[in-house]
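Q: Let me give you the structure first, and then I'll get to my questions.
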Amino acid sequence: MRKSQYQYKVDEVVKQFWKYGFMTLSRKFGTYLPTPKRIGEYEVDAVGKYKSKYAIGIVLKEEELNDPKLLSKLQFLASRFGDNANRKVLLFVGVADELNNKARILISTLPDNIKRKIRIVSIPSERVN
């Protein structure tokens with residue numbers, strides 16, 4: 001069965017979770033893992049945990065980067081706190097290679113305490129099988 005482009009992008013975000021040491025708790029398109037619950041009014045693509053730290057992963061499309069509500073979404077998700085801890089959640093944002101600069105410019109307009117909790121995952125447009 002062939003993976004969709006969106007599923008491939010979620011896989012790349014999950015690989016970044018693993019790179020930072022996070023264990024995946026839930027993710028979209030997971031065979032054995034449940035789909036993550038909505039956080040506030042926003043859908044997320046993956047949730048991970050490392051000791052008492054939590055991570056959220058989302059994949060952004062080009063239309064979402066042009067949406068004026070994106071900054072409030074990023075700010076809301078990056079300002080979440082983990083369960084029973086005063087540690088903020090790390091937010092992994094997956095974007096296509098060609099949209100990487102646009103995403104960085106948008107994120108640079110956020111406050112410093114929010115920017116520090118966001119990691120951009122650059123996803124290659126062409127898949128190499």
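Since every read-out is calculated from the coordinates, none of them should be taken as a lab result. Remember, it's a predicted structure, so these values are computed and weren't measured experimentally. Using ideal geometry, Cβ is built from the backbone for each residue, glycine included, and neighbour counts are taken over all protein chains shown.
Q: Give me Rg/Rg_expected for region 1-47, where Rg uses Cα atoms only and Rg_expected = 2.2 N^0.38 Å with N residues.
A: The value comes to 1.14.
Q: Which residue fluctuates the most in the chain, going by a Gaussian network model with Cα springs under 10 Å, if the choices are Val14, Val47, Val93?
A: Val93
Q: If you don't mind, another one. Mark the label point 7 Å from the Cα of Gln5 along Cα→Cβ and return the residues of region 27-58 whose backbone N is within less than 12 Å of it.
A: Counting backbone N atoms under 12 Å from the label point, the list is empty.
Q: Would you mind checking region 60-74 for residues with the amide N under 14 Å from a putative spin-label position 7 Å along Cα→C-beta of Arg38?
A: Output list for this probe position: empty.
Q: If we count GluC sites (Glu not before Pro) as exposed when they sit in a DSSP loop and have at most 15 other beta carbons within 10 Å, what is the longest stretch of the chain that avoids them all?
A: With GluC sites (Glu not before Pro) excluded where exposed in loops, the chain gives 44-125 as its longest stretch.
Q: Kindly provide log₁₀ I(q)/I(0) values, in the same order as q = 0.15, 0.19, 0.23 Å⁻¹, from the Debye equation applied to equal alpha-carbon scatterers of region 5-123.
A: Once normalised to I(0) and log-transformed, intensities are -0.61, -1.02, -1.52.
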